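One structure is given below, encoded as structure tokens.
The values are calculated or read from the model by the stated rules, or taken from the named source; none is laboratory data. Just so it is clear, the structure is predicted and the values come from calculations on it, not from any experiment. We place every Cβ from the backbone using ideal geometry, glycine too, and count neighbours over all the protein chains shown. The area values use the complete protein model at the heavy-atom level, side chains included, leaving out ligands, DNA and RNA. Shrake-Rupley method; radii C 1.70, N 1.55, O 1.52, S 1.80 Å.
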Amino acid sequence: QVQLVESGGGLVQPGGSLRLSCAASGIIFSISAMGWYRQAPGKQRELVAGITRGGRTNYADSVKGRFTISRDYAKMTVHLQMSSLKSEDTAVYYCTAGKEGIVGGEAPDYWGQGTQVTVSS
């Protein structure tokens, strides 16, 4: 089993920045990629960004140029730097982990509990 713990959510004004972090523990050798999903009220969960051990990344079109995902696999952590935040970025953000395919949208094997990000003035 793998446990994922997110941190860094909160309230931020439009145009502001926020950094989410996720630490993995447990049987981490099975993890080939990590990423972030989000779910806004009344909407389905969507892939935000993913990154493989080798550093290959993928982003949702809606966040390209504004969000940056990075990883430290030695520490089994992944970060999501979010800039130029918009009200439509408001959602619960979930850290995910699994095989490399999750970067392209395949279902993750593991999910964190989620952290709330609210963009509002």
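Summary of computed values
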item	result
Verdict on Lys86 being modelled with pLDDT of 95 or more, over 14 Å from the mean Cα position of the chain (by Cα) and either under 14 Å from Val5 (Cα atoms) or open to solvent by 30 Å² or more (accessible area, probe 1.4 Å) (or both)	yes
Candidate set from the range 89-107 (those that are open to solvent by 10 Å² or more (accessible area, probe 1.4 Å) and at pLDDT 95 or above); member that is farthest from the chain's Cα centre (by Cα)	Thr90
Condition met for Ser62 (at pLDDT 95 or above, more than 12 Å from the chain's Cα centre (by Cα) and not in a loop (DSSP other than H, G, I, E, B))	yes
Some residue of the range 99-108 being part of a strand (DSSP E or B) and either among the basic types (Lys, Arg) or within 17 Å of Leu4 (Cβ to Cβ) (or both)	no
Flag for Gln81 being without any contact (Cβ under 8 Å) to a residue 40 or more places away in the chain and not hydrophobic (A, V, I, L, M, F, W, C)	no
Flag for Gln13 being over 14 Å from Val103 (Cα atoms), loosely packed, with under 13 Cβ neighbours inside 10 Å and not aromatic (Phe, Trp, Tyr)	yes
Any hit, the range 72-81, residues being open to solvent by 50 Å² or more (accessible area, probe 1.4 Å) and in a loop (DSSP other than H, G, I, E, B)	yes
